[in-house]
1. Just to be sure I understand the filter: pairs with C-beta atoms under 6 Å, separated by 6 or more residues or on different chains, first member in region 134-152 and of a type in the set (Val, Ile, Thr), second member open to solvent by less than 60 Å² (accessible area, probe 1.4 Å). Which pairs pass?
2. Do we find a residue being open to solvent by 70 Å² or more (accessible area, probe 1.4 Å) and hydroxyl-bearing (Ser, Thr, Tyr) anywhere in region 54-68?
3. Would you point out the residue of region 39-53, among those that are among the hydrophobic types (A, V, I, L, M, F, W, C) and either touching a His at 6+ places or on another chain (Cβ under 6 Å) or open to solvent by 70 Å² or more (accessible area, probe 1.4 Å) (or both), that is nearest to PHE111 (Cα to Cα)?
4. Please enumerate the residues belonging to region 103-157 that are aliphatic (A, V, I, L, M) and either in a loop (DSSP other than H, G, I, E, B) or surrounded by 14 or more Cβ atoms within 10 Å (Cβ to Cβ) (or both).
5. Take the residues in region 23-36 that are at pLDDT 95 or above and open to solvent by 30 Å² or more (accessible area, probe 1.4 Å), then tell me which one is farthest from ASP91 (Cα to Cα).
6. Of all residues in region 89-137, how many are more than 24 Å from THR8 (Cα to Cα) and charged (D, E, K, R)?
7. Mind telling me which of the residues LYS101, LYS117 ends up being more than 24 Å from LYS60 (Cα to Cα) and either out of contact with any Cys (no Cβ under 8 Å at 6 or more places or on another chain) or not charged (D, E, K, R) (or both)?
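The values are calculated or read from the model by the stated rules, or taken from the named source; none is laboratory data. This one's a predicted model, so the numbers in the text were calculated from it and none came from an experiment. Quick reminder, even Gly has a Cβ in these numbers, built from the backbone with ideal geometry, and neighbours come from all protein chains shown. Each accessible area value is taken on the protein alone, full model and side chains, heavy atoms only, with ligands, DNA and RNA left out. Shrake-Rupley method; radii C 1.70, N 1.55, O 1.52, S 1.80 Å.
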Amino acid sequence: NLFSYTGTVTSLAAIGGASKTITVDASKKYLDWAKRNLQLNGLYSKEHQFFQSDCREWLKKDRNMYDIIFLDPPTFSNSKSSREIFDVQIDYIELLNLCGKILNRNGVLYFSNNFRKFKFDETLFPNFNIKEITPSTIDEDFTGNPKIHRCWEIRWK
C-alpha cells in the first residue's frame, strides 16, 4: 500500500485474508493511523509492516516481489520531507515502472489518483495490460460525483 494515508487499503487487504502487508507513507501521523486501524480490526501483527519513507525512494530500494500493489499517489506535493516536487501527471511514469520491477508476473497493480485532469498514456507501458476500472471503484456515496478519482488495473502481458 503505497502513499497509504490512513491505511484503509491495508486494513481491507488484511480483512480479505492477506497474510502479509507492507504500508508505506512519508507521514508518521498517517502510519500511526494505519497501525491503529489494523488494531481496531483485531489484525495488527508483525506480518503487517510499516515504513515511513518517500514512496519513490522506497521503491528504488525494495527487492521483494509482490502479488498485489496498491498505488494511490497525491496529485501534487512539495512536502518538507522531500526536496523534490511531486506531480502525479509527470511522476506516474517512474512510479509505475518502479512498481513493475517488484510486481510478480501474475500479480496486479492498482493505480489510483484524484487528479481530475489526469491523462494516462498507455503507450508508455507496452509490457502492461492496462484496464481502467474506475466505475467499479466509485462508492455509492459518490455516484453523484464520478470524477472523485480514477483507477486502473495493471498486469504484465
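1. These pairs meet every condition: THR134/CYS151; THR137/CYS151.
2. no
3. Within region 39-53, the match that is nearest to PHE111 (Cα to Cα) is PHE51.
4. LEU103, VAL108, LEU109, ILE130, ILE133, ILE138, ILE148, ILE154
5. Among them, the one singled out is ARG36.
6. Residues meeting the conditions: 7.
7. Among LYS101, LYS117, only LYS117 is more than 24 Å from LYS60 (Cα to Cα) and either out of contact with any Cys (no Cβ under 8 Å at 6 or more places or on another chain) or not charged (D, E, K, R) (or both).
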